[in-house]
1. Mind listing whichever residues of the stretch 342-358 are assigned to a loop (DSSP other than H, G, I, E, B), in contact with a Leu (Cβ under 8 Å, 6 or more places away or on another chain) and under 16 Å from residue 412 (Cα atoms)?
2. Go through (1) modelled with pLDDT under 95; (2) over 28 Å from the mean Cα position of the chain (by Cα) and name the single condition residue 14 misses.
3. Being polar (S, T, N, Q) and in contact (Cβ under 8 Å) with a residue 40 or more places away in the chain is the filter here, so list the residues in the stretch 100-119 that pass it.
4. All but one of (1) among the hydrophobic types (A, V, I, L, M, F, W, C); (2) closer than 17 Å to residue 492 by Cα; (3) part of a loop (DSSP other than H, G, I, E, B) hold for residue 566; which doesn't?
5. Please determine, by comparing only the residues of the stretch 244-299 that are among the aliphatic types (A, V, I, L, M) and more than 17 Å from the chain's Cα centre (by Cα), which one is surrounded by the most Cβ atoms within 10 Å (Cβ to Cβ).
6. Take the conditions modelled with pLDDT under 95, assigned to a loop (DSSP other than H, G, I, E, B) and closer than 29 Å to residue 548 by Cβ and apply them to residue 131. Does it pass?
7. Which residues, counting only those in the stretch 98-125, are among the hydrophobic types (A, V, I, L, M, F, W, C) and part of a helix (DSSP H, G or I)?
Amino acid sequence: MLSKIFEFFRVLGELRYLIPLMRYEFPSPDDNASLAHSFEETTEKFGSNDFIFFEDEVWTYRQTNEAANVLANKLINDGVSHSDRVVLFMENRPDYIISILALNKIGAIGVLINTSLTGNPLVHCINSSDSKKCIVGAELASPLEEVLGEINIKDKSDIYWVKDGDDYECPEWASNLKNLLDSSKSSNLSITDNVTAKDTAFYIFTSGTTGVPKAALFPNAKIIAASVNISKGGYRIDSSDCMYNCLPLYHSTGLMLGLCACVQVGAATFIRRKFSASAFWKEAKKFNTTAFVYVGELCRYLSFQEPSDEEVNNPVSKMVGNGLRPDLWDCFRNRFGVERIIEIYGASEGNALFMNLLNKDETIGMTNARVGIFKYDVAEDKLVKDQNNKYIEVDEYKPGLLLVEIGPNAIYNGYTDKKASEEKVISNVLVKGDRWFNTGDLVKTMDVGFSLGRKHYQFVDRVGDTFRWKSENVSTNEVAEILNSFEHVNMANVYGVKVPKSEGRAGMVAFNCALDDFNWEEFSSFVSEKLPSYAQPVFVRIIEELETTGTFKLKKNDLREEAYHLDKVEGNQVFIKKPGQSTYVPLDRDYYEVIESGEAGF
């Protein structure tokens, strides 16, 4: 009873932060509101404050603003104007931030390209954006050079090469940007007054794990709304804070939850090209990073690390991000001493933001949008309708497909591709003519105790990450969480694979381990004890390294395709738990033929 009373007053205490946020008036479409406007306002207040820490560099707000003005003037002189698209292909570093600010000051659209792209996907992203110019970091000039003959930006004067240390020389097909800048033109631009909240600021591409990457539209209004909510309601940071940001700035998590949140309040940020688990706590202490923008896989990597002196009494007290699974929540609360864990949920192209504003455990929190959770048939991959042809809302605490109604308070911007945008919309869900954004995710409501009368939600799985086996639905994330708790499993990637003459998909898991020391009997017993029979992986694949997207999501498509097929897995080893057996054994060629003949008896 006493704990409930404490929780009651704790939640009431949150109101002092939430009430001002609820009273905040977000910009109207024609208001002068953008990342550039926010940055200039912050520079007026905190110009001499440190803004960026990167490797051996330190940039103040004023220095960054002046550099962005210099670049913006150069782009204007070269013909870049409001609504023009400009490709930005560069790793996380100060020049990247300067570039996105410069483009936003003009009202141009930054086409933010995934730094891991090469070949056809890179060509697709550049050409589909119909961009006028390209800003490329020296560190990524090589993959761009390989596709020069296929992209629609041809002239040397349209490709700006940005120096990165002394290890690279400007190629003859590009212009060295540093030599073209006029450092005297460092004042704010009057043209920025033409930039409004409704203008598109960025194209941010989906990861492309289920097809070619698609460009999601990010208007300035969405950036302002997110950065205000995240900085004031999420982290609760101010100009005295510093954020650890090792996520790619070409993605909305690193850009909006990280960089833009700092700009909103004048906080500093430490940025990194790529994540390093071994360096994380040492750098957190060095730069006194009080906040951390995360994705779940980074948290899992950190939890794998042996305890270190640096993690003790570390400065990180608040973190905002997505994908922190329940099995890791306590680790960050207890082992690392993070007081405030604000899981959010949203999609780059989506129309709603969920946020764990009340700092509850294991929840994506609540939302202001009107949402519905509807019955979904995983096996048939479709929403279920009743006898009257109506969609069926699920009961409380039961998982279903999350739909978000599209309306004035939940605007759906979608993609640049109108057809792809419409494919994410479902109409006539509750009443004739209504329109709902299909998130493609299974969620459920959850009981979090006292919560100011607002429903809280928990992420369950991606629709494509749930499969059906033995007439039961299997959540890949839930199975992976359990397998990850086995001492010798290093990040499980769970997926379903087709087996001849069997209904549904059999469970399969890929992970890295020290195979010579792996105890298969212990693992087999663990699986039998912890998982129901239908959720136990039939196949195990030992793999040297699990592939992830640029935002650290585990890739599954190739693994599903290769499955347990011995002619596709090359040197990796596949193990199987045969029907009626209790222990995993190597899959040999003879038994593989039995499976392929459909006679294995699954």
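1. 346, 349, listed by residue number.
2. Here residue 14 clears every test but (2).
3. Hits for the stretch 100-119 are 104, 114, 115, 116.
4. (2)
5. If we filter the stretch 244-299 for residues that are among the aliphatic types (A, V, I, L, M), which is where we start, we get 247, 249, 255-257, 259, 261, 263, 265, 267-268, 271, 277, 279, 284, 291, 293, 295, 298.
Retained after the next criterion (residues that are more than 17 Å from the chain's Cα centre (by Cα)): 263, 265, 267-268, 277, 279, 284, 291.
On the way: 263: 25, 265: 21, 267: 24, 268: 26, 277: 14, 279: 13, 284: 21, 291: 28.
So the residue we want is 291.
6. Answer is no for this residue.
7. Residues of the stretch 98-125 that are among the hydrophobic types (A, V, I, L, M, F, W, C), as a first pass: 98, 100-103, 106, 108-109, 111-113, 117, 122-123, 125.
Result: 98, 100, 101, 102, 103, 106, 122, 123, 125.
Condition check ((1) in a strand (DSSP E or B); (2) basic (Lys, Arg); (3) on the phi < 0 side of the Ramachandran plot; (4) modelled with pLDDT of 95 or more) across all residues:
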position: 360; (1), (2), (3), (4): no, yes, yes, no
position: 368; (1), (2), (3), (4): no, no, yes, no
position: 379; (1), (2), (3), (4): no, no, yes, no
position: 387; (1), (2), (3), (4): no, no, yes, no
position: 395; (1), (2), (3), (4): no, no, yes, yes
position: 401; (1), (2), (3), (4): yes, no, yes, yes
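The values are calculated or read from the model by the stated rules, or taken from the named source; none is laboratory data. Everything numeric in this text was worked out from a predicted model, so none of it was measured. Heads up, the Cβs are rebuilt from the backbone with ideal geometry, glycines too, and the neighbour counts pull from every protein chain shown.
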